[in-house]
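Since the structure comes first, as structure tokens, the remarks are kept for the end.
The values are calculated or read from the model by the stated rules, or taken from the named source; none is laboratory data. In this text, all values refer to a predicted model and were calculated from it rather than measured experimentally. Cβ atoms come from the backbone with ideal geometry, glycine included; neighbour counts cover every protein chain shown.
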Amino acid sequence: MADEEREKNSGEGPFLLGKSYEEVGPELGRLYEARHGWTGRAALTLLPGAGVEWRPEGAWEVRVYCRPATSSMSLTVVRSPDSAQVSELTNVFVQMAAALTRVEDSPKVQAHIARGAVRPWGRWAACAAAGAAVLTLGVWIHGVGGSGRSELASRDEAGKRPSQLDAPGLANTGALKAASIAYPLPYEPFRNQAKAPCRADLDEVEINGGCWVTLERRPPCTAIQAEYQGKCYFPVSKDRGRPPQSAQP
């Protein structure tokens, strides 16, 4: 509980992605309008494109302060990897600055930032409704709790590895044929995800050691789908083949 309260107050935790901004080209990736899942604060999330080879080695949390009275700028490192390198932090700012430069004159970005914090739970109500619609297609989804909170699959979301998190949704391929699964595809399987070897007879594909279902949908993917190299994916449940015990409301 103490860690959870600290994350709520500090702004850590899952980010809810909205629309992407077309001004940021594929060579940089996708820049999304976002909201912090627990505080509702306005945010911008950059998902690097497939052509960007650099990836962070660990979780960072930094805060930037600008004081008009003194024209000073201060950077506080709240959390960093054990083997923190200044060059890695520099790369974070360089990539984000490149993306922001593309949208600095965008009225949509300005309106999003100026709006401030909003209630963070509305998005999950929409996700729950979407989950109910998916159930009618023969896919059973679990992972979104009754509190409306989900552990998204970003590489270092809330400072945890993907293998320590549950996937936002799972495909039970034992009871599924061609379903339809926007978070970046993680570098390792979720703890509740099926691991290689995957079952080709159930249309599963192996990526980064985990089993995934490739969807016909193309990016932008939905909030419970993983985006990877121009395609949308849904993680396969490690309990595939078992009938669902109950559906989450």
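Go over the candidates C232, C221 one by one and state the one that is closer than 21 Å to E33 by Cβ, crowded, with 18+ Cβ neighbours inside 10 Å and at pLDDT 85 or above. Steps first, answer last, please.
Values: C221 fails: at pLDDT 85 or above.
Within the list C232, C221, the selection yields C232.
Counting just the residues of segment 3-19 that are assigned to a strand (DSSP E or B) and in contact with a Gly (Cβ under 9 Å, 6 or more places away or on another chain), which one comes out modelled with the highest pLDDT?
The qualifying residue modelled with the highest pLDDT is L16.
For E22, only one of the following conditions fails: (1) in a loop (DSSP other than H, G, I, E, B); (2) more than 16 Å from A98 (Cβ to Cβ); (3) at pLDDT 80 or above. What is its number?
Unmet for E22, out of (1) in a loop (DSSP other than H, G, I, E, B); (2) more than 16 Å from A98 (Cβ to Cβ); (3) at pLDDT 80 or above: (2).
Here are E22, E27, E61: which of them is of a type in the set (D, E, K, R) and closer than 29 Å to Q164 by Cα?
Only one candidate passes the filter, namely E61.
In this structure, does M96 turn out to be touching a strand residue (DSSP E or B) at 6+ places or on another chain (Cβ under 9 Å), surrounded by fewer than 17 Cβ atoms within 10 Å (Cβ to Cβ), outside any strand (DSSP E or B) and modelled with pLDDT of 85 or more?
Values: touching a strand residue (DSSP E or B) at 6+ places or on another chain (Cβ under 9 Å): yes; surrounded by fewer than 17 Cβ atoms within 10 Å (Cβ to Cβ): yes; outside any strand (DSSP E or B): yes; modelled with pLDDT of 85 or more: yes.
Criteria met by M96.
So which residues in segment 192-218 are in a loop (DSSP other than H, G, I, E, B) and either surrounded by 15 or more Cβ atoms within 10 Å (Cβ to Cβ) or out of contact with any Asp or Glu (no Cβ under 9 Å at 6 or more places or on another chain) (or both), if there are any at all?
If the condition is that a residue be in a loop (DSSP other than H, G, I, E, B) and either surrounded by 15 or more Cβ atoms within 10 Å (Cβ to Cβ) or out of contact with any Asp or Glu (no Cβ under 9 Å at 6 or more places or on another chain) (or both), then N192, A194, C198, R199, D203, L215, E216, R217, R218 are the ones that fit.
Considering only residues that are in contact with a helix residue (DSSP H, G or I) (Cβ under 8 Å, 6 or more places away or on another chain) and either buried (at least 18 other Cβ atoms within 10 Å of the Cβ) or of a type in the set (A, V, I, L, M) (or both), look in segment 40-73 and name the one that is nearest to I113 (Cα to Cα).
A42
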